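**Q** The structure is given below, and queries will be raised subsequently.
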Amino acid sequence: MGVVKGLGQQNMAAIWTLLSQFAIGIPLAAFFAYDSEVTFGIKDKYIGQIRGLAGLYVGFNIALALLNILLAILIFSLDWHKI
């Protein structure tokens, strides 16, 4: 985040952070936190094992990984010679 702030791209970083946490992180955390077979009708051997607090961590970590990928794309797509 520090590099993005230094580049003056705070608005883009804030938008991506909000979208990744609220649009992706919270729904994924809710999906993994509850019993997916009962709640969503999904019968999967691996997804069914992630429940409760671990499911919350998994959902938000997926959102943070996506945010890191998006910020890396932003950083590497800039023309550093113009900055």
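The values are calculated or read from the model by the stated rules, or taken from the named source; none is laboratory data. What you see is a predicted model, and the numbers here were worked out from it, not measured in a lab. Positions of Cβ are backbone-derived with ideal geometry, glycine not excepted, and every protein chain shown enters the neighbour counts.
**Q** Under 7 Å between Cβ atoms, which residue pairs at least 6 apart in sequence (or on different chains) link something in region 9-26 that is aliphatic (A, V, I, L, M) with a partner that is part of a helix (DSSP H, G or I) and modelled with pLDDT of 90 or more?
**A** Correct list of pairs: Ile24/Ala63; Ile24/Leu66.
**Q** In addition: Restricting to region 1-29, and then to whatever is of a type in the set (Gly, Ala, Ser) and within 14 Å of Ala63 (Cβ to Cβ), can you tell me which residue is surrounded by the fewest Cβ atoms within 10 Å (Cβ to Cβ)?
**A** Ranking the candidates gives Ala23 first.
**Q** Please note which helices (runs of 4 or more DSSP H) are completely contained in the chain and include at least 1 residues that are at pLDDT 85 or above.
**A** Hits in the chain: 10-18, 26-33, 52-77.
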